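The values are calculated or read from the model by the stated rules, or taken from the named source; none is laboratory data. Since the model is a prediction, treat every value here as computed from it, not as a measurement. With ideal geometry, Cβ positions are generated from the backbone for all residues, glycine too; neighbour counts draw on all protein chains shown.
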């Protein structure tokens with residue numbers, strides 16, 4: 001039975017152990033549990049291997065396939081290298097939250113039904129919020145609340161979709177579907193919110209850069225890539241995803257070009273890279289899905305590497321704005337080199353993992369005859385080199401001399417970066433290592449002389465454009481507005497204006513009521529008031545003579561009779 | 001920094017930067033020249049035009065930088081923008 005222990009559970013136990021353990025025991029737990037998890041991931045056979053009753057449903061928390069194992073592998077590896085990067089510097093609760101978050105991602109990988117998927121999905125939302133809060137600043141606190149609201153909203157939408165699908169089809173299986181009904185649209189939207197798709201992309205660049213240097217490494221890996229996996233499993237070939245993906249690609253480039261904060265540049269380029277995967281899932285052919293899976297694998301590695309190098313800079317200098325940084329290559333050679341390797345990989349430079357994976361997506365677009373998509377992807381490759389490939393290392397490690405002379409990375413952060421930098425290069429040079437684990441058989445040859453020349457021209461001339469256009473890209477100390485402006489500012493202002501109007505109207509109403517009360521009091525006092533002398537009493541409070549009273553009673557009775565007979 | 005340029009790191013001396021620019025131009029020329037020897041057989045015929053990748057890359061970047069610049073006028077705000085108008089949430 002041990003060989004069927006769900007891998008997510010192992011990592012969750014690791015997360016629980018981080019708290020009570022101390023010193024070397026804690027380090028051991030942090031470093032060993034992801035490796036046991038990785039081993040367990042590879043013991044999961046194809047098909048459903050565990051069924052449990054849960055609230056009257058039969059759930060399948062453990063279903064294996066090549067694709068699921070591939071994602072779980074990179075998530076476990078990410079937990080290990082992230083743990084290695086963080087274990088000497090992060091707070092224990094950040095480490096524990098990071099592992100619980102990774103466990104959620106691995107749980108989603110092996111979820112055989114929509115309920116399991118949803119439970120692990122929410123586990124991720126919960127603990128990723130904790131990681132954002134671990135940033136420890138007022139900004140992190142506020143961003144964490146906005147992040148949590150967005151993900152809980154996404155979770156509710158996803159749940160509405162899942163319930164709808166169950167009610168209408170009676171099946172909770174995870175199987176390919178198309179967004180044709182309300183239920184499937186809700187599931188698609190719920191997943192796309194986690195993929196940072198438009199119009200709700202802003203949460204990613206809002207929250208990730210507010211986290212701690214170690215926290216952002218964990219955050220960069222899991223949420224968006226589990227969304228990619230869920231899309232591959234549930235919506236392969238959904239045409240709307242092609243254009244959602246293209247939008248994300250272009251959004252990422254433009255916003256990253258405008259951005260001043262180094263980690264926020266990287267956050268925007270996550271949206272950009274996930275856009276490539278989403279677009280590939282929309283194309284939906286075997287090659288495209290292979291490309292999406294391979295690109296997700298490579299992306300987690302180089303994006304984490306980039307966040308690690310940025311994290312070292314933040315850790316050593318406390319600064320992350322391009323306007324404050326520069327010239328760090330002098331004292332941080334290892335971080336610089338690792339950052340450059342990550343930057344080249346994200347730009348899909350030949351001999352890096354980005355080239356061997358992203359070009360699969362381009363090929364899939366070409367095979368499908370999608371000319372516009374193909375050329376937009378090529379243009380985007382140039383744009384990625386521009387906004388992340390050169391911009392990030394240039395502004396952080398070179399440009400002007402900021403006068404900062406920080407020490408290079410601590411040893412554990414250094415090793416973590418070297419491991420991921422090595423994977424970037426190994427997958428670029430020996431792509432078959434990754435290709436053999438892709439969900440569909442691969443007969444794709446990345447290195448053809450003509451294609452390499454094309455990409456070299458494309459990228460190097462983008463580099464030329466960068467340096468020639470540098471005056472246009474002078475960093476300004478600004479942020480860029482996003483769709484979240486609608487509720488962070490517009491809705492806030494409308495609410496504030498409404499409040500002012502309502503309270504003005506309220507005080508007017510109050511004044512009127514008060515005036516009427518005064519009038520009423522005067523009126524009643526005049527007619528019913530009890531004074532000391534007979535004359536100062538109100539009209540109805542005086543003593544009346546019996547004759548007058550009788551007369552009035554007779555009048556009243558007459559009126560009553562008349563009314564009765566009428 | 002009042003030090004002389006020769007004292008700074010090798011990489012940022014004016015002479016080195018001049019050299020790096022020359023290398024960049026040489027590599028650029030080389031990749032375009034390689035087009036004579038190696039036929040670029042793209043998926044679409046336009047890709048095999050001479051130096052297409054180079055021109056495409058350069059002009060796409062130019063376009064993106066300009067679009068970003070224009071959008072920047074619309075979207076860029078002071079970095080304390082959100083802090084000014086509301087409480088910390």
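Observations
- Residue match in segment A:57-67 (condition: in contact (Cβ under 8 Å) with a residue 24 or more places away in the chain, in a helix (DSSP H, G or I) and either closer than 30 Å to residue A:202 by Cα or under 20 Å from the mean Cα position of the chain (by Cα) (or both)): yes
- Residue, surrounded by the fewest Cβ atoms within 10 Å (Cβ to Cβ), within segment A:113-139, restricted to residues that are over 16 Å from the mean Cα position of the chain (by Cα) and not in a loop (DSSP other than H, G, I, E, B): A:138
- When restricted to residues that are at pLDDT 90 or above and more than 10 Å from every other protein chain (Cβ to nearest Cβ), segment A:375-389 contains 2.
Okay, residues lined up against (1) in contact (Cβ under 8 Å) with a residue 60 or more places away in the chain; (2) more than 23 Å from residue A:318 (Cα to Cα):
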residue: A:375; (1), (2): no, yes
residue: A:379; (1), (2): no, yes
residue: A:385; (1), (2): yes, yes
residue: A:394; (1), (2): yes, no
residue: A:397; (1), (2): yes, no
residue: A:402; (1), (2): yes, no
residue: A:408; (1), (2): yes, no
residue: A:412; (1), (2): yes, no
residue: A:418; (1), (2): yes, no
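Every residue, every condition in (1) away from chain B (no Cβ under 14 Å); (2) over 15 Å from the mean Cα position of the chain (by Cα), yes or no:
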position: A:79; (1), (2): yes, yes
position: A:150; (1), (2): no, no
position: A:155; (1), (2): yes, no
position: A:161; (1), (2): yes, yes
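- Qualifying residue in segment A:167-179 (condition: surrounded by 24 or more Cβ atoms within 10 Å (Cβ to Cβ) and assigned by TED's automatic domain parsing to the domain that holds residue A:61): no
- Residues of segment A:420-436 satisfying the condition of being over 23 Å from residue A:312 (Cβ atoms) and within 27 Å of the chain's Cα centre (by Cα): A:434
- Only residues that are in contact (Cβ under 8 Å) with a residue 60 or more places away in the chain and either more than 20 Å from residue A:116 (Cα to Cα) or not assigned by TED's automatic domain parsing to the domain that holds residue A:127 (or both) were counted in segment A:15-50, giving 8.
- All positions within segment A:236-260 that are under 18 Å from the mean Cα position of the chain (by Cα), farther than 18 Å from residue A:354 by Cβ and crowded, with 24+ Cβ neighbours inside 10 Å: A:241, A:255
- Some residue of segment A:266-273 being more than 16 Å from the chain's Cα centre (by Cα), surrounded by 24 or more Cβ atoms within 10 Å (Cβ to Cβ) and outside the structural domain of residue A:219 (by TED's automatic domain parsing): no
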